[in-house]
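No lab work stands behind these numbers, since they all come straight from the coordinates. Please read these numbers as outputs of a predicted model, since none were measured by experiment. Note that we place each Cβ from the backbone using ideal geometry, even for glycine, and neighbour counts take in every protein chain shown.
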Amino acid sequence: MADVIKLDSIDQYNRLYGMETLHPLVTVVDAAETTQEPPAHMVLNYGLYALYLKQTKCGDLRYGKQVYDYQEGTVVSFAPGQVVEVQPTGTVKPQWQALVFHPDLIRGTTLGQEIKQYSFFAYSSNEALHLSDEEKDIYRDCLAKIKLELTRPVDKHSKRLIARNIELLLDYCMRFYERQFNTRSRVNKGALVKFEELLDAYFQSDQPEAQGLPTVKYFADRVNLSPNYFGDLVKKETGRTAQEYIQNKLIEIAKEEILGSNKSVSEIAYRLGFQYPQHFTRIFKKNVGYTPTEYRGAQA
C-alpha cells in the first residue's frame, strides 16, 4: 500500500528529498542534487503549488482516474488540494527539476490576484505540457533565476522578485500550452466534434428534464478531459467559452421549439432543463433581445 504524505510546508517537501530549506515559502529542487530517496510508491497530498519538468520516462503518475506515463521533457503542475499517486516503473533514475511554493508566498502580490488565470494547475496529468528543447532551456533559466534569488540574503525586495520570476515562468507555460493547442489542432477538433455530438444527443433526449441544464464538467468527463483543459481547448478553437458554446446551442434549440411548436414558454423551459421558466426567459432575452413570447410574435 502506498505511503500517504501530506505536504503543507516547504520544509516538509525539502525533508522528503533531504534538501536544505533556503526559504520557508519556496524551493527549487533538482533530482540530481537530492540526498534522500522518498518512498518508491507514494501518494502526495499537496498543500502547495508545484511544477515539475520531467527529463526521463521514469514512472506512472495517477491523478483522479487518469494515469500519465511520463515522457521526456514534460511539465506537470499541481495546486493546493490535489492528491497525486506516484509509482515508479522499472529502475530508471528519475531526472526532474521542480519549483514548489506555498500559497502564502504570493498573498498580496499581483501573482496572488491572478493565480486562477493559470488554468493548467487544474489540468489532469494526461494533459501535461510537452516542451521543445528551446522551451526546456527557457524553463530551466527561469528556475535558475529563482534559485539564485533563494541563495541571496533576504531583503525587502526578495518576496516581490521571487514572485515576479515565478509569474514569468507561469506566463511562459501559458505560451507553451497555447503552442501545444495549435500543434494538436487535429486532436482538438476531434474533441469539438464529439462535444457537438454530445450536445445534440443531450438535448434530443429526456436528460434535460431529468437532470437539468448540462454543465461543462458533464461534457469534459465524456471526452476524457479535465473541465479546465476542455474549457481552454474550446476557447482556443472557437473563440467562445465552453459555457457560451452550450448556451448558444440551447438558444438555437429554444428558437426551433418556439417557432416550430405550440408549446407554452413554460413547457419549453422545462423541456430544456430550466427549473424556473423565468430563468429561461431572462437567458433568452439576454441572447436574442426578445423574450420568448415576443420572439414568437415577431416571427409570426
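Taking the Cα centre of the chain as origin, work out the dipole magnitude from +1 charges on Lys and Arg Cβ and -1 charges on Asp and Glu Cβ, in debye rounded to 20. Can you show the working numbers first?
Details: 37 positive and 38 negative charges, 132 e Å.
It comes to approximately 640 debye.
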For S226, residues with placed amide H under 5 Å, excluding near neighbours: S124
Under the Debye formula (equal points on every Cα, no solvent term), log10 I(q)/I(0) of segment 81-186 at q = 0.15 Å⁻¹: -0.79
With N set to the number of residues, divide the alpha-carbon radius of gyration of segment 226-300 by 2.2 N^0.38 Å and report two decimals. 1.23
In whole Hz, with x marking every Gly and Pro, tabulate ³J(HN,Hα) for segment 36-45 from phi via Karplus 6.51 cos²θ - 1.76 cosθ + 1.60, θ = phi - 60°. 9, 8, x, x, 4, 10, 9, 10, 9, 9
For the chain, the longest principal axis of the Cα atoms and the Cα long axis of helix 133-151 enclose an angle in degrees, to the nearest 10, of 60
As I understand it, the value is the acute angle between the Cα axis of helix 158-183 and the longest principal axis of the Cα atoms of the chain; what does it come to in degrees, rounded to 10? 50
Report the FRET efficiency, 1/(1 + (r/R0)^6), for E244 and E134, where r is their Cβ-Cβ distance and R0 is 30 Å, rounded to 0.05. 0.30
Degrees separating the helix 277-288 axis from the principal Cα axis of the chain, which is the longest one: 80
Taking every alpha carbon pair in segment 261-300 and sorting the distances into 5 angstrom bins from 0 up to the bin holding the longest one, the percent per bin comes out as 6, 27, 32, 26, 8, 1
In the chain, if every C-alpha pair distance is counted and binned at 20 Å from zero, what percent goes to each bin? 29, 45, 22, 4
Would you list, by chain and number, the lysines whose Cα falls below 22 Å from the Cα of K54, excluding same-chain residues fewer than 8 positions away? K6, K65, K93, K136, K145, K147
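Between K116 and R15, what is the FRET efficiency for a Förster distance of 35 Å, r being their Cβ-Cβ separation, to the nearest 0.05?
Taking R0 as 35 Å, the efficiency between K116 and R15 is 0.75.
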From the backbone phi of segment 14-22, what are the Karplus-calculated ³J(HN,Hα) couplings (6.51 cos²θ - 1.76 cosθ + 1.60, θ = phi - 60°) in whole Hz, Gly and Pro given as x? 4, 5, 4, 10, x, 9, 6, 8, 8
Extension gain (nm, one decimal) between M174 and D200, 0.36 nm per residue minus Cα-Cα: 6.2 nm
For segment 100-186, with +1 on Lys and Arg beta carbons and -1 on Asp and Glu, the positive-most of L111, Y123, S185 along the dipole: L111
Over all directions, how big on average is the projection of the convex hull of the alpha-carbon atoms in segment 124-248, in square nanometres? 10.2
From the backbone phi of segment 223-230, what are the Karplus-calculated ³J(HN,Hα) couplings (6.51 cos²θ - 1.76 cosθ + 1.60, θ = phi - 60°) in whole Hz, Gly and Pro given as x? 10, 6, 10, 6, x, 5, 5, 4
Could I have the simple spin-label model distance between Q299 and Q211, label points 7 Å from Cα toward Cβ, reported in nm to one decimal? 2.7
